[in-house]
Structures are given as structure tokens and as C-alpha cells.
1. Put HIS694, HIS663 in order of accessible area, largest first, 1.4 Å probe: what do you get?
2. If I ignore ligands, DNA and RNA and count only protein heavy atoms, how much of HIS166 is accessible to a 1.4 Å probe, in Å² to the nearest 10?
3. How large is the convex hull of the Cα atoms of the stretch 296-377 per residue, expressed in Å³ as a whole number?
4. May I ask you to order 338-345, 51-58 by the average number of other C-beta atoms within 10 Å around their residues, highest value first?
5. Once both labels are modelled 7 Å past Cα along the beta-carbon direction, what's the GLN567-ASP611 spacing in nm?
6. Determine, for each peptide in 81-91, 536-546, the mean count of other beta carbons within 10 angstrom over its residues, then list the peptides with the highest first.
7. Hey, what's the stretch 674-743 come to in accessible area per residue, 1.4 Å probe, Å²?
8. What does the charge dipole of the stretch 331-399 about its Cα centre add up to, to the nearest 20 debye, if the Cβ of each Lys and Arg holds +1 and the Cβ of each Asp and Glu holds -1?
Amino acid sequence: MKFRAFFRPSWIFVLLFALIPAIGRAGEALGGVEVQEEGRLTHVMMRLVIQLGVILFAARLGNMVFERMKLPGVLGELCAGILIGPFLLGGIGLPFLNGFEHGLFGGAGGGAVPVSIELYGFCTVASVVLLFLVGVETDLKMFARYSVAGSLVGVGGVVCSFFGGHQLGYWLIRTAAERADPNFLGFFDPGCIFLGIMSTATSVSITARILSEKKKLDTPEGVTILAGAVIDDVLGVIMLAIGIGVINSMMSGGAEGAQAGVNWMAIGRIALRSILVWLGATVAGVLLSRWIGAGLKKFAGGYSQIAIMALGLALIVAGLFEEAQLAMIIGAYVMGLSLSRTDISRVVQESLEPIFTFLVPIFFVVMGMMVNVRELMDWNILIVGLAYTSVAVLAKLMGCGLPALLCGFNARGALRVGLGMVPRGEVALIIAGVGLASGYLQGSDFGIAVFMTLVTTLIPPPLLVAAFASNKPGHKNRQEDPVPEITYTFPEPEVANLVLRLFLSAMRREGFFIHRLEHGERIYQLRKDAMVIGVRCPDASLIFECDANEIPFVRTAMREVVVEMDQTLGALRQPFSSRDITNNLPAAAPSKGPPTERMLRFIRRDTLVPDLKGRTKQEVIGELVNAIAATGLITDPLQALDAVIKRELGMSTALGNGLAVPHARTDQIRQLVCAIGISRAGVDFESGDNAPVHIITLVLSPLDSVTPYMEFMSTLQGAFDEAGRDALLHAQTSDDMFAVFAAR
């Protein structure tokens, strides 16, 4: 049976696949074909392609194994890289494969990097993509809300970690013989500086995943950890820039420069330049983010094109930062941070996910390949690694926990914050990779950094879970600002599901970007410019979360969606009354008034009617449609009128206080248009307050085009406060009416 199993089709395929190179070499020998010099490039590419294939399989297998053990998958990718790297399996010679006599990954490295230049190039691009997406995911609004506590926690963790790692590197890693070396720069030695910088980085992705699984992201501890991690990353990036500049300055003078002493003036200039460049670029990017986002949306044809162009900008900015003697990852982070406050941030994250899934595992595997396990097995290095890791853990616990105590957290909360800041990850590895590639770190130092990353990633997760096992608060005076919510309850979950789909479809037509946050649950985020709306659909309810000044828009949108569903279902609709739903809507927040410039884009003097003659709502709607038709903006006025009347039959558009907003979507126009009329005698619109309507606003929007249809209607209502209504009713001409809106 075993003999037969060997000849299964899968094994035969593997055997033939392994024999392909040998068969090719035999055919080459028989044909007398010689390998020409120009074929070397093809050979290098062949080697790279095979290496990438092996890396992707190894990364996926390592990720799966560690996730099944309830550990972060990134650790599996690191360990996979160590296993298949040039110092272990990847260094075993494969004589039956041409070009792999020194192993799959052996014999290709040069200088400080033990892998091929081509493979390290992929790794570099992956690090840029990774830091770009880290910047895009940064929540600036949350950071501003918890800026004080987060800043103190982040600064404390960075300061303690840097000096702890630096001093340990100075006293333990450097031997007496090395200190006697004239090239040893003491406090400013490159190895010591990089060991200090590497210990500052915090991997917020690991902590965020744990907090998300435990539903603790919105707790004071969770938000403070995330805000502190933002500061942590920012300071780490600034310190990397300063560190590289200081090292370049100190190394430029060689041994003579080192003996001459520290040029504090030059170091101060480098530090100031690094901070100014980073902060200047960040501030400029944040201020210009709206224009950058608008430009990408204008020139790109779709979601994927927007994301690709955004990534292109990130690569360009990263290269410019490298040219300015700052690390590429700093520029990538700045570009990501700039786009984080735009409505395309989620589009970029979701569209670049395939690129992220392809490149980032390559980065972690290649980082693992750079670890010389043989050196790491040296007891001296292993002891130093344990000491370095211990200092890194204690530095975060103390540096982040003590400031948390000062910000109102109790001992339990401070411990949670400290544990949440302990994990290191991708940023530490990127910094270590920069140091190794630049020759500032030795192979043993890099191995110690990876060892520290592995241990600090493995230890905190179970401890953090245990710290959050208790539901006792971690803040002395826990205060939670209630987020405004609007809840709609329907008879059946199927009805809520249908309304949700119609609502999301309507929002897409409004120009919103729709993002599903939880694939297992119906949780969405809607973004358009500065407007952000959260939507949840538990069971038979729809729950909206938004700012108070966005409640009128949500109410208007839901009103239209319910009416649209009512018309669509007709006699087959579920037994619930659309009037009951809309009449029980939560009270609107006080309107601050509509943006004048946005209103005036759609209000024309020749569509303002100061004295409507009709006595019924069908007659006055017909007059307003004719007013728009006179401008030539309607293809077929009768069909447009029919669409408005059908909409009105579904539910009255009377808003109370003498106002009505008849409206419809129609394919008879190409852009949003409106007409506003005044009925001196009043018209019966079946208003809920049984009062006649005097001010009628007709709004027509294209059927399928993206236009601010409901946004315009909701903001327009802000002009019809008591003073606005009184001014309109006293207007005698269309110019008088237009002046009322222009003055709002």
C-alpha cells in the first residue's frame, strides 16, 4: 500500500516537477547551447521568482500554525523566515538545481544584508506599504480626544524605552575591547542608538486585535492605549530621523571626528531639521488632505484607481524623504497620516488589501531570514537578548503606567495601559532592518532585536487578556460621552435588512463611500468629506451613530428610504405603516443653518415663484415644474411631474410650520434642480399639524447620478426657521426671494 501511495498522481507531479531542471540541463548539453552573458539577468529573475513563491507559501503556513495556537500570525511569518533563511534550511545546497548550489537563499547576500538585493528591494517596498497603511489607519479624531493622556503615555514609554535600551546596549553589548576602539563613539555609537530606538516602537495592531476581540476598544484604557501608540509611532519615527542624522554626522568625521568630541551644534541642527521636516510635512499633508483626496477622486476612475494613485504618492514622498536623508518609512507614514482624515481612507485600506496581503508577509519573512540563528545560540548573546527584552518590557510598563496613574487611572487601569504598550512588531523590525542595511547594526544586534520582538509579542497577549478579565473599571472617574444614536425598529429582521440595503444604495448615489467594518456582523461606516455616519443592524433594528448636527440628514435620508420601500413593495409590503415609522423619528438637533454657498449653487432666480396661483398641491407642483422647464433643464416636464406626484401619493412631503418639500428622482434631468414658490392663500398638503402650506420647495435629482439629493434637502430646511419663513412671505419678487437666501 505504501508503494502504491508513492505513485499517486500528486507524488508523480512533484517528481516530474523536480526533474524539470535536470531535463533542461541535459537538453542544453545535447544541443551544445552555451549560457551567454546576457542570460544572467534571466537567471537572476528566475531565482527571485522561485524565492518569492517559497516565501509566500512559508509565510502562509507559519501564519496558519501560529493562529491555530492562538498566537499572532505575524510571529509565524517571522519564524518561517528564520527557518527557511540562509542560516538554516535556505543555506543547504541544492546541487540538482542550477544556481542553487549554496541553497535556496544562500550565497546571494552581500555586505550587511544576507539576502539578495532583489529580494531586499521587495522587502523595502513592503515596508513602505506597511507604514503607509499604518498612517492611513491612524484616527486623528480619537487622538485629539485623548491627546493629553495618550501623549503622556506615549512620551513616557518612548523616553524610558530609549534610555533603557541604549544604556543596556552601551554597558552589555559593547565589550571593553570595543570601547577601546577609536571608532567607538560612546553615547552616540550607532549600535547603541539603534538599540535604543528599536525598543521604543509599539505594535498597536497586536493590542488592537486583543481589545477588539474582548470588546474593550471603546474603554478609557483601550482608547488611551491606541492614542498613546499613535504618539509612540510618531516619536519613534522622529527619533529614527534624528538618530540617522546624528549617526551620519558623527560617522562623517571617522575616528578623528570621534576623538575631537561631540559637535552639539551640528547635532542640534540635525535634530531641529529632522523635526521641522517631519512636522512641516505632516502639517502640510493634514491641511492639504481635503484637496489631495478631492484630486485623487477627480482624476481616478474608481476605488482601485484611487488607491493605486494614493500608493504612488506614498512611494514618491517616501523617496523624497530618503533623498532628504530621512528614512523612506517616515515619508510613507506622513502620506498615510495625511489621507487618514479624508473620506477615501477606507477606500485606500480596502483596495490595497491584496497588495498588503502579498507584500507584507514577504517583509516579515525576509526580516526573519536576516536572523543568524547560529549567533543567537551563543550564550552570551542569548543572555544579552533576555536582558534587553526584560528592560524593554519594564520600560514600557513603568514609562506608560506611571503617566496613566497621573491621568486618573487606578492601578488596574495603569497596568492594562502598560501591558497594552509592551508588544513590539513591524515598526521595530523596520527600524532594525534600516540599521542592518546601513551597516549601523551587527548581525548579532539584529538577532537580539528580533528576539526582543518575538518575546514581547508572545508574553503580553495572555497577560492583557487576564488584566481585562475583570469588569471593574480602570479609571477613577470614568466618564463616557454619549454618542448620539438614532434607532429605528421594524417588525421583522428581513424588513430591517431591506431598509439597510436601500439606505446604503441611496448613500452611494449621494456620493458616500460605504465600508463594511465587521464582515461577521452588519456594521458599516459611511464617509463623505468630513461627514462620518456609523450604521448597525442588530436583529430588527437600524442604529445610526453620528454627530448631532448630522441627525437632520439621517432623518431625511431614512424618510426617503422608507417611502421608496413603501412604493416598491406596494401591496406585497410587510404589515407596518411607513407613517408610524417616520412620525416616531427622534427629534432633530437644532440646525445651525445650511452652507450658503452650497445652497446658492442650486437656487436660481428664474425658478423662484413669489405668487403661486394653484389651489391644490398638484396645481402648485405643476407650476414649479413648469418654472424649471422654462429654463430648459427638463427633457420631458410631464414625466417629471408624474414622478413627483407618485412620490407625493406615497406620503405627504409637508414638514409642518407651513413648509412642504415635494421631490423625486427622475431621468428627465442631468443635474439637481429646485424651484421655490410661495402660496399666499395656502395649500392643503395633508400636513401633520393640519396647517396650510405657504412655502413649497420642489427638488428634482437625476435618477442614477451621484448628487447631494437628500443632503441638499436637509440643509435647505435650515433656512426656513421662523425668521427665514417670515422674510420669504414678505418677498414680492423673485429677486427679493433670492436676497433672502443670499443673506442666510
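1. HIS694, HIS663
2. Number for this one is 0 Å².
3. Convex hull of Cα atoms, per residue: 113 Å³.
4. Final packing ranking: 338-345, 51-58.
5. About 3.4 nm separates the two model spin labels.
6. Values: 81-91: 22.1, 536-546: 16.6.
Ranked from most to least packed, the peptides come out as 81-91, 536-546.
7. Spelled out: the 1.4 Å probe surface of the stretch 674-743, per residue, equals 39 Å².
8. Working: 4 positive and 5 negative charges, 32 e Å.
Around 160 debye, computed over the stretch 331-399.
The values are calculated or read from the model by the stated rules, or taken from the named source; none is laboratory data. Worth saying up front: this structure is predicted, and the values here are computed from it rather than measured. For neighbour counting, all protein chains shown are included, and Cβ atoms are generated from backbone atoms with ideal geometry for every residue, glycine included. Surface accessibility is based on the protein's heavy atoms, side chains included, excluding ligands, DNA and RNA. Shrake-Rupley method; radii C 1.70, N 1.55, O 1.52, S 1.80 Å.
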